[in-house]
Structure formats: C-alpha cells, structure tokens
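See below for the structure under consideration.
What follows is calculated from the coordinates using simple rules that are stated; it is not laboratory data. In this text the structure is predicted, and so the values were computed from the model without any measurement. Reconstructed Cβ throughout: ideal geometry from the backbone, glycine too, with neighbour counts over all protein chains shown.
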Amino acid sequence: MRIAVTSTGKDIDSPVDPRFGRARYILILDEKGTVSEVVDNTANVNALKGAGIQAGKLLADRKVDVLVTGHCGPNAFTVLEAAGIKVAVQQSGTVRQAVAKIMSGEAEFADKPNVEAHW
Amino acid sequence: MRELVIISGKGGTGKTSLTASFACLAADAVLVDCDVDAADLHILVHPEVKCAEEFRGGVKAIIDRGICTECAACREVCRFNAIDDSYVVNPVSCEGCGVCFHVCPEKAVELEENLCGRWFVSETRFGPMVHAALFPGEENSGKLVALVRNQAKVIARREGKSLILVDGAPGVGCPVISSVTGADHVLVVAEPSLSGLHDLERVCKLVSGFRIPISVVVNKRDINPLITERIEASAGNHGAQVLGTVPYDDSVIKAMVQRRAVVENGLSAAGNAVREIWDRVKTRILS
Amino acid sequence: MIISVASGKGGTGKTSIATSLAVVLGSRAQLLDCDVEEPNCHILMKPLIEKSFPVGVPVPVIDKGRCTVCGRCGEVCRFSAIVPIGDVVLTFPELCHGCGGCALFCPEKAITETLRELGVVEIGTAGPVDFVHGRLRIGEAMAPPLIRAVKAKIKSEKIAIIDAPPGASCPVITAVSGADFVVMVTEPTPFGLHDLQIAVNAILGLGIPLGVVVNRSDIGDSAVQDFCQSRRIPILAEIPHSRRIAEGYSSGHLLIESEPSHRATFLKILSEIELATAGTSWRRASCASS
C-alpha cells in the first residue's frame, strides 16, 4: 500500500497541510510508513485553476492507493475516484500521526468531497 | 478563526467604507482587499507595505518572427482571433490555450508566463493587511483573490488573530466566486434601488449556492424606503438576516475625502448605524 | 459608431449615463448592456424582448468507443479541463476555455464538441431604441465569451452605446475594445479618482480616445478634475448631486426623466464626442437615420 499525505514540510513530523491541490508538499510513504518520496507541489500551489485535478493526476501517475489530507473538492475527488485512490479527509496533526491512523484502520474514507470547488 | 466577507452585487453601495469601519471597530482583525481590479480599501487604511510579490498567471503566446514561415496554421486554429495577418499575437485576445504552440510546424511559438499583477503584505493602524493590484486588462483575478485570502489565513494563524475581514469583489463572476468560497459568513451591502435589489438577488443566489450563511446591510435606506422594505423581504426569502440599515449621510463622503473610516470621525448618523450593525455582527455572527 | 460607457469604480452612474445617452439619440441608438454579471440597463429601459438565444463555450465530448486513452488531449489542455486517468478520460467542462485543442490533436478523432451554456443574449426594443443585453448564468465565472456575443449584435448603421462592466480587468477590455470613443463615468472622491486612473491607463493603452463625465460633481473634492486637466482628458459634463435623480433611479427612472433639463447635458456630451472623433462612421450613422 502506498500512502500520500499532504504536508506543510518535507519530513514525517511536519503538520498535515489541510489543502490538497495547493498543498506545499505531498509525502508518499510505503506500507511500513517510511517516506519513499517527497513531492514539491509548488507548481500546483501556483496553478491557475484545476490544482486539485493536477494533484490527483500526480498521485494516479505514482500509483498511490490512499490519500490523507484535510479538504478535498469535487474535481479532485472525481479524479481520485477514477484512479481508484481512497481519500481520508479532515485529517490533522503530523504526517506520522495521520499515517498511524490509516495503518490502524482508525481513519474513515470519504465517499464524497468535503468542500466546495475552489476558484 | 472566522472569515467574514463583505460583498455587494452592485458596485458603489458602500462595501469598502463599511469594511474600513468594521476594521476600526474590530481593532484586531487581518484585513484583505479582494477587489483586486479596483482596490480601494488601502485609500482609507493607509497600508505600509512590508513585502511585495509578483503575481503571474497563465501564459501568452509569442511568435518568433525569425523562425515563422507564415504558413497560417496557427491563424487557422486560433479560436480567439489573437494572431493578426502579420503574425503578431495580440496579448489582450490571447487566451493562453497553447493550441498555436502545438500546431506550429516550425516551433516558432513560445508560451511565456504572464506577469499580471502584484500582491502585498502590509501593516495598517487596524492590523495586518493583504492586498493586491491586478494590472489593467488582465484576467485571472479569481486566482489572485484566492492567493490573497490564503495569505491572510497564514498571517491570522501565525499572529493568533481570530477574525479575517475581507473586502470582496463586485459582480457575480469569477472574482466574487473566488472571494466567497469556503468563507464562514458573507455580508452583502445593498442599496435600495431596483438595480440594487436585482443585483442583491443575483448575488444571494450565488452565495446560497455555496451554502454560506448570508446577512444583509441596506445602505442609504432613505433614498427609497419602499425598496428598502422589498430588500428586507427578499433577503428573508434567501434565508438571509438583515443586520441593519444605514441612512444616507454626507459624513461618509467627508470621511472618505479625509481618507478615514466614518466611525473614526466622531458621532454621525451613518457612523452610529454602523456601530450598531457591528455590535450585531459580533453577537450574531462572530460569537 | 461605437461609444462605450465605462467606469473604474462601480456605482458611479455608468448605467444612468449610458441609458440617457441612448434615449436622447432615440431611433439612431442601439443600447448594448455588456455588464453581463449585473445587467441593469433593462431596469431603466424596460425593453420589450423579442428574441433570446443561449451563448456557450464548446466543450469536449469523448467517444469512448474510439478513445485509446493515449493521453494527448491531457498534454495539450492547459486548463485541466480534460484529464486521462487510468483507462478513462475525465472532462471538467467548467474549466474549459473552448480552445478546441483536444479535439484538434486527438489522433483517433474521438473528441467532438458540445456547447456549455454561459448565459443568454436577449434582443428587443425600448421605444425607438434597439436593445441588446447579456445575462451571465449565476455561478458562472466566464464573462468574456458572453460579452463578445452581445457585441456581435452591434448594428453598424446605428450609434451603438455599450454599457461596459465596472473595473479595469479582462471583461472591461473585452467590452470596450473596438469602440470609437469611451465615456468614463466617475465621482469626485478618492475612490472615484483611484479607479478612474487605473481604467484610464487601461483604455488609453488600447488607443481609444476618451472623455470623463463627473457624476455627483459637487460631493467630495476636486482631485478628479485636477487629474483630468493634468492628463489633458476632456471633461464632457459635470452632473451635480441630486436627490431627485437618486430617488428616480432607485425606482427605475431614467436620469433625464428625473431631471429633464439634463437632456441638454447629454446632447452636449454627444456633440463633444462627435467633435473628438470627427469620424466618418458617426456621420454615416447620422445620415442613415435622418
């Protein structure tokens, strides 16, 4: 299982970034909870529109199975759903804590977006 | 942290003057000016710019005339008629779609990032402020609006401020949508005219579509008391509460000419009404 | 002859000026409301709408039978409006600018286009004046294509009066470009001056001559007049504040209905514009209607 977590910093003890499309970093972790890749999402932070769509595509291209973030809008959700990526929304604390919740099965997965479309 | 966005469907209803007064009465808010193509809040609050950043959005096509063979492939596919018969791209018409870039057999087209404005983090006598200036004729103001709102949230979190006061954009299009999405509360300033009523109804429809709670303030109520009543009824139909009304009062213009908020100028009919409305904002919306 | 009426700041009386100009011109005028986010001319003009049609942008439709999910459309689209994911291609019509790139470059010819409605254009008459306006659908972000559709109805034999949106951004430029003259309506306050300066720079950048109408000319200060003088911008008229005009406007009455003496003011504005443009198109329009 590959888990992606939106993060405000590059390491596993950084706080989760509540934004998905415009998250500062996206950390990708393996099933042992080790960071395997740090994606600098600056290009998407400054994207015109469709930041969530592009971030969703980025995760699909990296064959991620689960996304952990704060907010997920409708367009991003559509992309993640099409890519078969499960989303845990409204997650906070550090990346490490959020991943532990996924591993323990404590986190619930969303069946719909939890925020309106951003512009 | 709460984010209160002040908008008006119609322009010139007193949205910015009210925002400045709220900023003065709140005393501890982060201010945001989202009316990025005709920003005026700075005129009343005199921000001292601490940091200025460039804002880039989208791309524009540029044709290298040295490489171009004038084969017309780009002109045939451009749906925005942005390339003239001497193969110069009109930046006003260019949508930045890049179709010409892909179709050009000579690779004579480049897509350049477009510098379309600046944004600022400043200090005012009422607290920190984030504002921006879009260059004339540019688009993407929705993105710039989103950017300044996000920046304000960063500052509010860092400085432990509990309120973000946003002077929103007029209309019902892209900049307004960008001003209100995700906000905690929207306050619409309306004026009692048939146009004001029409625009209020359009903007309420927009905001309620985003399921954001709305309240309404009627400015210059005595210009047409009958329409003021109709506005109050219409607000109710949209699930909005009317927080209060402000009488027409020359002291608002006087304060603006002195570049101050009307509540800074001692007692006046408009100032008193605004103070009462602010008390209701505090008790009904922010508490 | 095309005269655009614009204002940097909203609520300065742009619509009042545009409608009264059109009514003074009578059967020579065609009034086009390009403030499609908040069209208000109809409230004052009370036109009889004779026809209307929807305006949209062409957005992609994918023929799944033909699509091989090669990904070319996603590479071309700069707006994230079409995105290949796994074995499907997703489309996001509200992000699409209608450039047609995806359909053009699809190697399988699997993409056709359909119109996504942005709003409507309505056409009619208000007394002797021809009337056109656009109404943007609520929640719709993209005004310029609708503005272009309204402007496509300009009749060259008429004097077209365009009510432009406020501000100085993209929709304003779309509305005023191609005009022979721009009337900037402002008020003599710090807000009015600041927004006027921005809009004047945008419009002069297009190479269109302009003049200023100072509305509610006796409120505020004299900085607008000073600015116009220093930039050599003609002041076409100054209309003093009048409670009667404000009250009349609020009930949907034209400025020249509330203050009939201002008919002369509008005739003067028109003759100033005629002088400034000295355009053949103006004379043509006048002759055709006389």
*Provide C:C170, C:C34, C:C67, B:C51 in ascending order of the number of other Cβ atoms located within 10 Å of each residue's Cβ, fewest first.*
B:C51, C:C67, C:C170, C:C34
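Can you give the average number of partner chain beta-carbon atoms within 10 Å of each beta-carbon in peptide C:168-178, as a whole number?
Details: counts 7, 18, 12, 8, 4, 6, 4, 0, 1, 4, 0.
Taking the mean over all residues of the peptide, I get 6.
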*For segment A:3-103, just list the percent of Cα-Cα distances falling in each 10 Å bin from zero outward, please.*
18, 57, 24, 1
*Which of the GluC sites (Glu not before Pro) across segment B:91-197 are loop residues per DSSP, with 15 or fewer other Cβ within 10 Å?*
B:E106
_Kirkwood hydrodynamic radius of the protein assembly as shown, from inverse mean 1/r over distinct Cα pairs, in Å_ = 26.6
*Mind listing which GluC sites (Glu not before Pro) in segment C:60-109 are in a DSSP loop and have 15 or fewer other Cβ atoms within 10 Å?*
C:E108
*Could you give the length gained on full extension between C:I49 and C:E117, defined as 0.36 nm per residue of separation minus the Cα-Cα distance, in nm?*
22.5 nm
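At R0 = 25 Å, how high is the FRET efficiency between C:L267 and B:S251 if r is their beta carbon distance? Nearest 0.05 is fine.
Values: r = 36 Å, r/R0 = 1.43.
Given R0 = 25 Å and the Cβ-Cβ separation, E is 0.10.
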*B:G57 long-range amide H proximity, modeled H, under 5 Å*: B:N114, B:C116
*With a 4.7 Å Cβ cut-off, tell me which Cys residues in chain B come up empty for a partner.*
B:C24, B:C34, B:C51, B:C68, B:C71, B:C78, B:C94, B:C104, B:C116, B:C174, B:C204
*Sequence-distant residues sharing a close amide H with C:D33 (under 5 Å, placed H)*: C:V132, C:H133, C:G134, C:D163
*Once amide H atoms are built 1.01 Å from N in the peptide plane, which residues 5 or more positions from C:L90, or in another chain, come under 5 Å H to H?*
C:V83, C:I85
*asked:* Order these by the 10 Å Cβ neighbour count, fewest first: C:L136, C:L31, C:L193.
replied: C:L193, C:L136, C:L31
*Please give the FRET efficiency for B:R259 paired with C:Q229, using the beta carbon to beta carbon distance and R0 = 25 Å, rounded to the nearest 0.05.*
0.70
*Can you list the HN-Hα couplings for segment A:68-78, worked out from phi with the Karplus curve (6.51, -1.76, 1.60; θ = phi - 60°), rounded to whole Hz and with x for Gly and Pro?*
10, 7, x, 10, 9, x, x, 5, 4, 4, 4
*Mean residue ellipticity at 222 nm from the helices of chain A, using -39,500 (n - 2.57) per DSSP H segment of n ≥ 4 over the full residue count, to the nearest 500 deg cm²/dmol?*
-7500 deg cm²/dmol
*asked:* Can you compute 3J(HN,Hα) from phi for each residue in segment B:90-99, using the Karplus curve 6.51 cos²θ - 1.76 cosθ + 1.60 with θ = phi - 60°, rounded to whole Hz and x for Gly and Pro?
replied: 7, x, 5, 7, 5, 8, x, 7, x, 5
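Got a sec? How would B:C34, B:C68, C:C106, C:C73 order by Cβ neighbour count within 10 Å, fewest to most?
Ordered from fewest to most neighbouring Cβ atoms within 10 Å, B:C34, B:C68, C:C106, C:C73 come out as B:C68, C:C106, C:C73, B:C34.
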*Take the alpha carbon atoms of segment B:217-287, find their center, do the same for segment C:1-33, and report the distance between the two centers in whole angstrom.*
30
*Over segment C:234-281, what lengths in whole Å, largest first, do the semi-axes of the equivalent ellipsoid take, defined as the square roots of 5 times the eigenvalues of the alpha-carbon gyration tensor?*
26, 11, 8
*In segment C:191-254, the trypsin sites (Lys or Arg not before Pro) that fall in loop regions by DSSP, at most 11 other Cβ within 10 Å*: C:R232
*Can you work out the base-10 log of I(q)/I(0) for chain C at q = 0.11, 0.12, 0.15 1/Å, using the Debye formula on its C-alpha atoms alone?*
-0.68, -0.78, -1.06
_Given chain A, longest segment not containing exposed loop GluC sites (Glu not before Pro) (DSSP; at most 14 other Cβ within 10 Å)_ = A:32-105
*Karplus-derived HN-Hα couplings along segment C:36-48 (A = 6.51, B = -1.76, C = 1.60, θ = phi - 60°), whole Hz, x at Gly and Pro*: 6, 6, 9, x, 10, 4, 5, 5, 8, 8, 6, x, 8
*Number of partner chain Cβ atoms within 10 Å, mean per residue of B:100-107*: 2
*FRET efficiency, B:D184 to B:R275 (Cβ-Cβ, R0 25 Å, nearest 0.05)*: 0.70
*For segment B:58-115, with equal point scatterers placed on the C-alpha atoms only and solvent neglected, what are the log10 I(q)/I(0) values from the Debye formula at q = 0.12, 0.13 1/Å, to two decimals?*
-0.21, -0.25
_If you split all Cα-Cα distances of segment C:64-109 into 10 Å bins from zero, what percentages do you get per bin, shortest first?_
30, 60, 10
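Can you check what the net charge comes to around B:M1, using other residues whose Cβ is under 14 Å from the Cβ of B:M1 (Lys, Arg +1; Asp, Glu -1)?
After counting each charged neighbour, the total is +2.
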_Given N residues in segment B:54-199, what is its alpha carbon radius of gyration divided by 2.2 N^0.38 Å?_
1.41
